[in-house]
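K.L.:
Structure below; questions to follow.
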Amino acid sequence: MELYEAINHRKSTRRYSREKLNDEMLQSIRNMISGGERLFDNIDMRIHLVEGSKQIHELMPGIIGGYGKIKAPYYLIVTSEEKEGYLQNIGYSLQWVVLRLTAMNLATCWIGGCIGYDQLKDVLDIPKGQVPQLMLAFGHPAEGSSPFRYNPSEAKRKDISEITEGTMDITWSRILSAVMLAPSAANTQPWRFAFRNGKIHVYSAGVSNIILKRFMGSRSLIDVGIALCHAMVASRHFSREIRFSRDVPAEIKGCEYVTTIIEV
């Protein structure tokens, strides 16, 4: 399965089999997470692979609060230094891993909420200057379930007119169809794309719901990073070469500017 196909068919999985992965597959995943794609190369970030255990599972109520306990055979835990752009970088980098795991026929689920240093200091070798950020569950799905949605239209997503302004060509319409399938916390879909003067400015929309706003804080920037990963994967699929750059675009009320997409 290609990564573009993985975008179309991947879905979140909350129930997992206890089946272990073979050594070859685990090594492939370790290689994958040790390098991989980054939105910003100047931000120190690490993705740690840990096996599901009683110790990890006992931490979960403190990590994810009311999200629901997800017991999986494996987890990826992200630690990062906290500097400008680190949340977008986490979303972008980890979603590349998610799509590659999907292409390996494995199930995945982003796990939100706060992870405390004290909770994980005996589980991980946390690099100096980095802070635990979030987790991703993965493995084989429980018997009788699938890690895939068979029809992308099953996903509940906003209309493209709600996330864009300006005029785009048919290829960009197709690229944004892939962007719209990006997962987001509470399905808020906070990304906004403004087409202006040959550039595409990307914003993070504020959350109006007070309860969600308090829970998410600035974490919607992770979701925008995930969307940017989908934009890059889809652009390559449709033979559009793009790069990300900082600009000084016009403000959009209720939105925070993130980056600008430039075709090269």
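The values are calculated or read from the model by the stated rules, or taken from the named source; none is laboratory data. What you see is a predicted model, and the numbers here were worked out from it, not measured in a lab. Here the Cβ is made from the backbone with ideal geometry for all residues, glycine too, and neighbour counts use every protein chain on show. Calculation scope for accessible area: heavy atoms of the full protein, side chains included, ligands and nucleic acids excluded. Shrake-Rupley method; radii C 1.70, N 1.55, O 1.52, S 1.80 Å.
K.L.:
Can you run down the residue pairs with Cβ atoms below 6 Å, 6 or more apart or on separate chains, where the first is in the range 92-113 and at negative phi and the partner is among the polar types (S, T, N, Q) and crowded, with 22+ Cβ neighbours inside 10 Å?
P.N.:
So the pair list comes out as 98/108; 101/108; 107/13; 109/13.
K.L.:
Take residue 89 and tell me if it is more than 17 Å from residue 181 (Cα to Cα) and in contact with a His (Cβ under 9 Å, 6 or more places away or on another chain).
P.N.:
Considered against the rule, which asks whether it is more than 17 Å from residue 181 (Cα to Cα) and in contact with a His (Cβ under 9 Å, 6 or more places away or on another chain), residue 89 comes out as no.
K.L.:
Next question. Between 162, 256, which is more than 22 Å from residue 99 (Cα to Cα), open to solvent by 60 Å² or more (accessible area, probe 1.4 Å) and within 19 Å of the chain's Cα centre (by Cα)?
P.N.:
256
K.L.:
Would you please name the residue that is nearest to the chain's Cα centre (by Cα), looking only at residues in the range 20-33 that are open to solvent by 90 Å² or more (accessible area, probe 1.4 Å) and in contact (Cβ under 8 Å) with a residue 12 or more places away in the chain?
P.N.:
My answer is 30.
K.L.:
Quick one: count up the residues across the range 167-186 that are farther than 17 Å from residue 134 by Cβ and part of a helix (DSSP H, G or I).
P.N.:
Counting residues in the range 167-186 that are farther than 17 Å from residue 134 by Cβ and part of a helix (DSSP H, G or I) gives 10.
K.L.:
Given (1) of a type in the set (Phe, Trp, Tyr); (2) open to solvent by 30 Å² or more (accessible area, probe 1.4 Å); (3) at pLDDT 95 or above, where does residue 96 come up short, assuming only one miss?
P.N.:
Among (1) of a type in the set (Phe, Trp, Tyr); (2) open to solvent by 30 Å² or more (accessible area, probe 1.4 Å); (3) at pLDDT 95 or above, the lone unmet condition for residue 96 is (2).
K.L.:
Name the single residue that is farthest from the chain's Cα centre (by Cα) among those in the range 109-138 being more than 13 Å from residue 50 (Cβ to Cβ) and of a type in the set (S, T, N, Q).
P.N.:
My answer is 130.
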